[in-house]
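The values are calculated or read from the model by the stated rules, or taken from the named source; none is laboratory data. Predicted model, so just to flag it, every value in this text is computed and none were measured. Cβ placement follows ideal geometry from the backbone for every residue including glycine, while neighbour counts extend to all protein chains displayed.
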Amino acid sequence: MENNNQNLFQQAKNAVMNLMNQQNNSSSAQDKQAAQNAIQAAYNEATPEEKQQLQQLENQLKQQNQLQ
């Protein structure tokens, strides 16, 4: 189970990082929703430390959405 939690956490990080890298190439609403879904999925199984990092990722995602 621990391995699956790490995978969800890593997928959430990757999804947000991909969106950040695409910032100038207008990412789609579907991409943004996928990143948000990945964060939520990982959050349900995350450790307290991971939850803190996921919150930061979610804040980055919200900031990026406001900048566009």
Worksheet item: When both residues are 6+ apart or on different chains and their Cβ atoms are under 7 Å apart, which pairs have a first residue that lies in segment 23-34 and is under 15 Å from GLU58 (Cα atoms) and of a type outside the set (D, E, K, R), and a second that is at pLDDT 85 or above and assigned to a helix (DSSP H, G or I)?
Response: ALA34/ALA15
Discussion item. Filter segment 41-64 down to the residues that are without any contact (Cβ under 8 Å) to a residue 40 or more places away in the chain, touching a Leu at 6+ places or on another chain (Cβ under 9 Å) and either among the aromatic types (Phe, Trp, Tyr) or surrounded by 13 or more Cβ atoms within 10 Å (Cβ to Cβ) (or both) and list them by number.
Written reply: ALA41, ALA42, TYR43
